[in-house]
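Visitor: I have a structure here, written as structure tokens, and I will follow up with some questions on it.
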Amino acid sequence: MPIYELGTIHVAPQGQELGGMAKDQASSVLTLHEFRHFNRNTVGQALDLLPGIHVSTNSRNEQVVHVRGFDARQIPLFIDGIPVYVPYDGYIDFNRFTTADLAAIQVAKGFSSVVYGPNTLGGAINLVSRKPQQRFEGDITLGAGQGNERSTAINRPGSKRRSS
């Protein structure tokens, strides 16, 4: 009896790295310039600028994000491509992450790449850290508001290492 061979299918990535956005993916990016221009001090406040994203406060006074109807259990948070997990209930308080040390926020909406891993049914949120541009640098942000409201942020991204 002859053996029928169906052929071989090779699947290879198109050079997309961890945390990268595919060209055919519905995605949005917020940059440091936009954080400062719109005075957004937390990740939750910054994400509220994007279409298709709903930011609200839950009963525990935590800021939660819904991307196209999916909550934080289907849209994980990554910091420089590394997943952030909350062991208690899986919900992340987006008010705890500030934009002072971020270069950008990448949001992949809808079907995201398998590079992100499991639980990315509705997409993925990636916080991209700022890299130092000079040997010694930093910035300070001070703010004041009504009712004795004050905010401060000090950021020193680090120093460049010299290669010998």
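Visitor: Using the reciprocal of the averaged 1/r over all distinct C-alpha pairs, how large is the Kirkwood radius of region 27-133 in Å?
Guide: Result for region 27-133 stands at 13.8 Å.
Visitor: Kindly state, to the nearest 0.05, the FRET efficiency for ILE3 paired with VAL86, given R0 = 41 Å and r defined as their beta-carbon distance.
Guide: It comes to 0.20.
Visitor: Rounded to the nearest 20 Debye, what is the dipole magnitude of region 27-133 about its Cα centre when Lys and Arg each give +1 and Asp and Glu each give -1 at the C-beta?
Guide: 160
Visitor: Right, next: What nm distance separates the two modelled labels at ASN39 and GLU149, each placed 7 Å from Cα along Cα→Cβ?
Guide: Reported label-point gap for ASN39 and GLU149 is 0.8 nm.
Visitor: Packing-wise, with mean Cβ within 10 Å as the measure, how do 117-127, 82-92, 33-43 rank, highest first?
Guide: Highest-to-lowest ranking by the protection proxy: 117-127, 33-43, 82-92.
Visitor: Let me ask something additional. List the trypsin sites (Lys or Arg not before Pro) within region 58-118 that DSSP assigns to loop and that have no more than 14 neighbouring Cβ atoms inside 10 Å.
Guide: Listed in order of number, the matching sites are ARG60, ARG73, ARG96.
Visitor: Using a Förster distance of 25 angstrom, determine the FRET efficiency expected from the C-beta separation of ARG96 and ARG73, and round it to 0.05.
Guide: Using R0 = 25 Å, I get an efficiency of 0.90.
Visitor: At R0 = 35 Å, how high is the FRET efficiency between LEU121 and ASN61 if r is their beta carbon distance? Nearest 0.05 is fine. Can you show the working numbers first?
Guide: Numbers: r = 27 Å, r/R0 = 0.76.
The value I calculate is 0.85.
Visitor: Which of the chymotrypsin sites (Phe, Trp or Tyr not before Pro) found in region 92-142 are in a DSSP loop and have at most 12 neighbouring Cβ atoms, other than their own, within 10 Å?
Guide: When the chymotrypsin sites (Phe, Trp or Tyr not before Pro) of region 92-142 are filtered for loop state and at most 12 Cβ neighbours within 10 Å, PHE136 remain.
Visitor: Once you place label points 7 Å from the Cα toward the Cβ at ALA103 and THR141, how far apart are they in nm?
Guide: 1.7
Visitor: Could you check the simple spin-label distance between LEU32 and GLN134, using points 7 Å along Cα→Cβ, in nm with one decimal?
Guide: 1.2
Since every read-out is calculated from the coordinates, none of them should be taken as a lab result. Keep in mind the model is a prediction, meaning the values are calculated, not measured. FYI the Cβ positions are ideal-geometry reconstructions off the backbone, even for glycines, and counts take in every protein chain you see.
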